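The values are calculated or read from the model by the stated rules, or taken from the named source; none is laboratory data. Quick caveat: nothing in here was measured; it's all calculated off a predicted structure. Don't worry about glycine lacking a Cβ; one is built from the backbone with ideal geometry, like all the others, and counts go over all protein chains shown.
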Amino acid sequence: MIRLVRYLKPYLSMILLTIVLLFVQANADLALPDYLSRIVNNGIQQGGVENAVPTVIRASTMDHLQLFLTPDEQSRVMAAYTLVDAGAANYAETLKTVPGVANEPVYVLTTTNTDEIAALDPVMARALLAVSGVEQVMADPTKAAQMGAATGFDLSRLPAGADLFTLLGNLPPAQREQISAQLQGQFAALGESAVQQAATQAVKAEYTTLGMNAASLQTNYILSTGLLMLLVTLVSVVSSIAVGYLSARTAAGLSRDLRRAVFQKVEGFSSTEFDRFSTASLITRTTNDITQVQMVVIMMMRMVFYAPIMGVGGIIRAIDKDSSMWWIIAVGVAALLSLIVVVFSVTLPKFKAMQNLIDRLNLVLRENLSGMMVIRAFNMQPFEEQRFDKANQDLTGTTLFINRVMVAMFPTMMLIMNGLSLLIIWIGSQQVAAAQMQVGDMMAFMQYAMQIVFSFLMMSFMFILLPRASVSGGRIAEVLGTEPTIRDAETPRNFPEPFKGTVEFRNVSFRYPGADEDVLCNINFTAQPGQTTAFIGSTGSGKSTIVNLIPRFYDVTGGQILIDGVDIRQVTQHELRDKIGYIPQKSTLFSGTIESNLRYADDDATKEALLAAAGTAQVTEFIDSNADGLATEIAQGGANVSGGQKQRLSIARALVKQAPIYIFDDSFSALDFKTDAALRHALKENTAESAVLIVTQRVSTVMNAEQIVVLDEGQVVGIGTHSELMKTCEPYREIALSQLSMEELS
Amino acid sequence: MMMPGGNPNRSGGGSREQAGGPGFGPGRHGGPMGMMIKGDKARDFRGTMQKLLQALKPYQWSFAVVFLFAAVSTVFNILGPKILGKATTKLFEGVMGQISGTGEGIDFTYIGNILITMTILYLLATLFSYVQGWIMSGVSAKVTYRFRRDIAEKINRMPLGYFDGTNHGEVLSRVTNDVDTVSQTLNQSLSQIITSGVTVVGVLVMMLTISWQMTLASLLVIPFSLVFIRQIVNRSQKYFSEQQEYLGHINGHVEEMYGGHLVMKAFNGEEKSVVKFDGFNTTLYSSAWKSQFLSGLMMPVMSFISNLGYVAVAVLGGWLATRSLITVGDIQAFIQYVRNFTQPIAQLANISNTLQQTAAAAERVFGFLNEAEEVPDPAGALELSDVRGQVDFEAVRFGYNPEKAVIHNFTARANSGQRVAIVGPTGAGKTTIVKLLMRFYDVDSGAIRVDGRDIRSLTRRDLRKLFGMVLQDTWLYNGTIMENIRYGRPDATDAEVYAAAKAAHVDHFVHTLPDGYNMVLNEEASNVSQGQKQLLTIARAVLADPRILILDEATSSVDTRTEVLIQRAMNELMKGRTSFIIAHRLSTIRDADLILVMRDGDIVEQGDHKSLLQAGGFYAELYNSQFEPEAAAA
């Protein structure tokens, strides 16, 4: 998988952009619970008052506040406000929203700097709380004792009705500061959050005194927060659509590049690489494996990258709400992960077993279909039914087990999530009671917990997803990392002109890669142009291998093959194959028409040349029997043409090439004897100048060859004509006798 | 939510090497992408569903329990947020009281009680949900098992002719993919319909009990989104089919080029091939990303809708709460309801698609199970005893397709112990005779008689007991060598098996194999050679000890020495039995008592070697063509 990373390079910027967008999306998604929490805390609980910095404050209250502020704080507060009285320019405007300005001058908050407001917030909160405390004392002297105990300053000795604020104002600054500091200590013990909440109540009271409309204030707050939420939602959807776009382009682009690279690579492979990978496997690697990678890339970009961003973001925000409750999230994640680990460790081996059982079921059924005649001939239907039933039962049992475990997983997961909510509410209530957090925060915490748990869930899926993808990726990389064993020489030579087509094997040995023994050993012969050289021998004697060395499907491992005196490894593969008309053992046609198949050998061939080749290959009758003639459609792999016709068409194709060298690799096997004979007859006339090499099992096919090479276990055991070999070569006689009777051979 | 491996039956594919051939390919797609792919449709949806229900009837009580449990478990889950909301409200009121100094603080007993109630409720919901799944997977396993068994048994009752016109892959796909689709619907979709339905209704009810205004607000977006989703589906459909089409082109081209690699190389076709590939690949790329992108819109859109609902609830809920029309806990509950609402709606929207696919799959399965079967054996068929093995063909007329007879009027007699050679060019229909003798097909008119008895008056079982068959297609199965030989006569003793093996020259090579007679033939039976396979099928026939033999001589890919062995074994086997030989070897043909010459499916000549040569017909031509004049002269 890692070896494929370089193919991601052109898409690097898209991937980076995706990650950025995912950050945006995660932040937007995570912001929503936060806004909700604000609606609950500020909007509902605090009546729309966000913080302890009032937008409007009576001048008298402001004077009182000053008593509890340090000189430095005083100047900062005063800088943020401006006084509005009857003579001020904006008096009329202020009067509209603040009817109380008619009674006394007010200070209006003029700074819009949110940092400054946030900095003033705790300062004002404490001062406001102190002021409201003093006001309470004044209203209810019984509270004075409590207050006094708290400040170490016996207020009860004061004369009743005295204005405490005046009194405090008259105290020497040092003493006032001492009282103030002691109050601060008390507030700190209460906790920031509690001070804050209490102070907002004071602000709310101030607004009421000023005759402001508290209800509309609240509504406005909720609506403006809602608007923000809408905006965040839009940001989220836009960025996730953009992520979708980028990931689709990246994944499709990557798979296009990979597919092309693999295909081009494989087209350059020699038979050695095909043997190593197997054709079926190469097909899978070029198609399914790449599709698999494409899916994974999309999943990665859309979900797998997202999960950790979401998870970490969720954790940060949750802890921000209440850091002491982190362990609840840890418990939830741990419970879920252990559930997943347990479920998968139980089912994974069964999954593997199930795959085998499915294969087994398919196998038995396939055997039942392919062996239908034999099964019925031996009356073995009941036996086969039993065999199938066994496979069926095994598969059913295993599938049932897996399904039942899987069925347990989802409800259990739900239970864990629900349990988590309950736990958060229980612990959260205690925290709220202790004024460590607000109710809205608790609600947000719950939602963060769910988001975190989900992101861990997604990440754990990644571990299931990735191994599979990495298998596919590995298989693709393996192909891309394989260099074809057969390559053109660095400085290729050309065949001498005029080209004659003499093929000479000089001490040729060949061994398949990884094999222990040579399949061909010390082969020597020369095939002359204008002559037929035939190769005969039993299965495994190496006769097919010999002719496959000539077009360099494999390279010799010892000795050399010369054509017109030039080692075939010194010319380019293109030039070499240009000289050869090859008819494979397994006839292969390509989809298209008969004509397009024949033209595969030579794009510029005339129609006459095509028909002449068809005539020689004894396939004219077949072509004419189709209404469309040469334009007859050929299905993929020539599936709509019988074996015999396929073979003839494949011969015709090679003949179109008018090559100086022809190789027939057991290419007459699907022909009946009559056609075989007629074809050889016609060939003789039409390839008179060429060197013809024929591999066959049929003695009747080789009897007329100028030269017969008899092979046994990779060695030449006789070269000569039919009559010579009948006399001198025992293996040849053996083969001939098994096929024909003495009188016919004589 | 997507669960990996949630559909265990589909987990194959992917990394396994599956080049061509049916099996467990990617089936129905799950997740949001699944909505995009329109499945195939059943021709008769109603009828198929009725049949399916009929097939499920034995499990009606299980279904009743499943539905009930699924519903109860869903209801419990739905109650959760509302009850939990009460706890939050209590908490909120307590806090408000604390702050304003009027209340008596937080009522932990109340909250605690609610949490305990919820714990019990959730535990019960889990239990019910699990029991429901347990029963359902049991039912679906049983149904799947039965369908597969029925199909496998059905195959044995169908006439061979059916399979001439049907790809094996198609039948396999019935058993695997189609049955799987049905089972998956049973396993997941059915209870999903219940839970989704109950969830939608239940959540709606709960939302309405909290606030009709908020319900309205949060539901308002759904119709819009459905329209939008439909748009996306329609648009992406085009690209999806284009993508499928070009994927098909690419796969076809790759298969063809890799399959014909040698030819491509030999004709210097690399460049042409890559150019063609690039053309497909470029189109595939553009349709692939477009369809991916469009189908990928589904998720953001769904979550956008969900988020819109969230915002609506937050704002409206906040506003209502300030007027004390609802409580804070209600907001919390409502948010959970909104979040739980979109998923089941999406599932319900997809259900018709799922049911259509299921019906299409079920229709194919039922269609297969309803195919015509072989003509039943005659009632009161008599058994043949002491069969001599005289075979008569009387004015036989036969065609694979009734309108087109391939054998027109064939009459011949094979006396007991005689050898009948069937000759003719490839594709002349030599195996037709074999198929008629074994009653894989019935003659259209005329009759085939064994010892004077029309073979149609015997049971197929008795008839086939008379015959032994050694075909060119050496079918062996994935069992041990011992089991494969014993296939000829399952009640044979080990000693009899060894004797048959010796007679067929199998014994010697078996001893050279690892595990000897206990060696298991692999799936392609490629761990023994073609010739050895042929010998094993001969041993199998020897063990069966039939009165009449059917042999196919073709031994094209067998080495010389094995061929000699096969010939010897066959000769041994034929002694004293009436034999029909699809002959390739001249010696066999010349020694035959009767030669049937076939051409284009019909029997054109019959007689012995000499008389046929004298007649100077097709046989003589065929015979002489093998040896060209100059060869004969050499």
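Of the residues B:450, B:497, B:434, the single one that is at pLDDT below 85, out of contact with any Leu (no Cβ under 6 Å at 6 or more places or on another chain) and not aromatic (Phe, Trp, Tyr) is B:434.
All told, residue A:28 meets the bar of being in a helix (DSSP H, G or I), within 14 Å of chain B (Cβ to nearest Cβ) and at pLDDT 80 or above. Being more than 11 Å from every other protein chain (Cβ to nearest Cβ) and touching a Phe, Trp or Tyr at 6+ places or on another chain (Cβ under 8 Å) holds for only one residue in B:131, B:66, B:72, and it is B:72.
Residues that are more than 12 Å from chain A (Cβ to nearest Cβ), among the basic types (Lys, Arg) and surrounded by fewer than 20 Cβ atoms within 10 Å (Cβ to Cβ) do occur in the stretch B:489-511. Of all residues in the stretch A:521-548, those that are farther than 14 Å from residue A:662 by Cβ have Cβ atoms under 8 Å from Cβ atoms of residues that are part of a loop (DSSP other than H, G, I, E, B) and among the β-branched types (Val, Ile, Thr), 6 or more apart or on another chain, in A:526/A:502; A:539/B:558; A:542/A:519; A:545/A:519.
Within the stretch B:154-173, the set of residues being facing chain A (nearest Cβ under 7 Å) and out of contact with any Phe, Trp or Tyr (no Cβ under 8 Å at 6 or more places or on another chain) comprises B:155, B:156, B:163, B:168, B:172. Is it true that residue A:369 is in the same structural domain as residue A:468 (by TED's automatic domain parsing), surrounded by 16 or more Cβ atoms within 10 Å (Cβ to Cβ) and either farther than 13 Å from residue B:155 by Cβ or touching a residue at least 12 places away in the same chain (Cβ under 8 Å) (or both)? Against the criterion (in the same structural domain as residue A:468 (by TED's automatic domain parsing), surrounded by 16 or more Cβ atoms within 10 Å (Cβ to Cβ) and either farther than 13 Å from residue B:155 by Cβ or touching a residue at least 12 places away in the same chain (Cβ under 8 Å) (or both)), residue A:369 does not qualify. Looking at the stretch B:510-537 only, could you name the residues that are more than 17 Å from residue B:570 (Cα to Cα) and either in a helix (DSSP H, G or I) or in contact (Cβ under 8 Å) with a residue 60 or more places away in the chain (or both)? Within the stretch B:510-537, B:510, B:511, B:512, B:516, B:517, B:518 qualify. In the stretch A:684-698, of all residues being closer than 16 Å to residue A:658 by Cα and in contact with a Ser or Thr (Cβ under 6 Å, 6 or more places away or on another chain), the one that is surrounded by the most Cβ atoms within 10 Å (Cβ to Cβ) corresponds to A:693.
Scan the stretch B:297-319 for residues that are over 37 Å from the mean Cα position of the chain (by Cα), within 15 Å of residue B:227 (Cα to Cα) and more than 7 Å from every other protein chain (Cβ to nearest Cβ) and the total you get is 1. Between A:309, A:283, A:329, A:316, the distinction of being surrounded by fewer than 18 Cβ atoms within 10 Å (Cβ to Cβ) and either of a type outside the set (D, E, K, R) or not assigned by TED's automatic domain parsing to the domain that holds residue A:246 (or both) belongs to A:316 only. Only residues that are in contact (Cβ under 8 Å) with a residue 12 or more places away in the chain and either touching a strand residue (DSSP E or B) at 6+ places or on another chain (Cβ under 8 Å) or part of a loop (DSSP other than H, G, I, E, B) (or both) were counted in the stretch A:597-611, giving 5. Residues that are within 12 Å of another protein chain (Cβ to nearest Cβ), of a type outside the set (A, V, I, L, M, F, W, C) and buried (at least 18 other Cβ atoms within 10 Å of the Cβ) occur at least once in the stretch B:585-598. Taking residues in the stretch B:563-583 that are without any contact (Cβ under 8 Å) to a residue 12 or more places away in the chain, and partners anywhere that are small (Gly, Ala, Ser), the pairs with Cβ atoms closer than 9 Å and at least 6 places apart or on different chains are B:564/A:738; B:575/B:417. Among residues of the stretch B:205-225 that are assigned by TED's automatic domain parsing to the domain that holds residue B:82, those with a beta-carbon under 6 Å from a residue that is surrounded by fewer than 18 Cβ atoms within 10 Å (Cβ to Cβ) and of a type in the set (A, V, I, L, M, F, W, C) at least six positions away or on a different chain give the pairs B:215/B:208.
Determine if the stretch A:262-275 includes at least one residue that is within 20 Å of the chain's Cα centre (by Cα) and either in the same structural domain as residue A:409 (by TED's automatic domain parsing) or closer than 30 Å to residue A:34 by Cβ (or both). Yes: the stretch A:262-275 contains one or more residues that are within 20 Å of the chain's Cα centre (by Cα) and either in the same structural domain as residue A:409 (by TED's automatic domain parsing) or closer than 30 Å to residue A:34 by Cβ (or both). When residues in the stretch A:373-408 are screened for being within 19 Å of residue A:339 (Cα to Cα) and more than 7 Å from chain B (Cβ to nearest Cβ), 2 of them pass. Scanning the stretch A:414-434 for residues that are more than 9 Å from chain B (Cβ to nearest Cβ) and among the hydrophobic types (A, V, I, L, M, F, W, C) yields A:416, A:417, A:420, A:424, A:427, A:434.
Can you tell me which residue in the stretch B:285-296 is farthest from residue B:245 (Cα to Cα), limited to those that are more than 7 Å from chain A (Cβ to nearest Cβ) and surrounded by fewer than 24 Cβ atoms within 10 Å (Cβ to Cβ)? Ranking the candidates gives B:294 first.
Looking at the stretch A:225-319, the helices (runs of 4 or more DSSP H) lying wholly inside it that each contain 2 or more residues that are within 9 Å of chain B (Cβ to nearest Cβ) and without any contact (Cβ under 8 Å) to a residue 24 or more places away in the chain sit at A:279-286. Taking the listed residues B:396, B:365, B:406, the one that is touching a residue at least 60 places away in the same chain (Cβ under 8 Å), more than 30 Å from residue B:41 (Cβ to Cβ) and not small (Gly, Ala, Ser) is B:406, with no other qualifying. On the stretch given as the stretch A:652-702, residues that are in a helix (DSSP H, G or I), more than 15 Å from residue A:534 (Cβ to Cβ) and either more than 9 Å from chain B (Cβ to nearest Cβ) or free of Cβ contacts under 8 Å to residues at least 40 places away in the same chain (or both) total 9.
Per the conditions (1) within 22 Å of residue B:570 (Cα to Cα); (2) in a helix (DSSP H, G or I); (3) acidic (Asp, Glu), the sole criterion not satisfied by residue B:473 is (2). Looking across A:687, A:701, A:721, A:696, one residue alone is in contact with a strand residue (DSSP E or B) (Cβ under 9 Å, 6 or more places away or on another chain) and closer than 22 Å to residue A:606 by Cα. It is A:687. Tallying residues that are more than 7 Å from chain A (Cβ to nearest Cβ) and over 14 Å from residue A:263 (Cα atoms) within the stretch B:250-283 yields 1.
Of all residues in the stretch A:549-590, those satisfying the criterion of being surrounded by fewer than 18 Cβ atoms within 10 Å (Cβ to Cβ), within 14 Å of chain B (Cβ to nearest Cβ) and part of a loop (DSSP other than H, G, I, E, B) are A:555, A:572, A:585, A:586. Filtering B:394, B:373 for residues that are within 14 Å of chain A (Cβ to nearest Cβ) and either surrounded by fewer than 17 Cβ atoms within 10 Å (Cβ to Cβ) or at pLDDT below 80 (or both) leaves a single hit, B:373.
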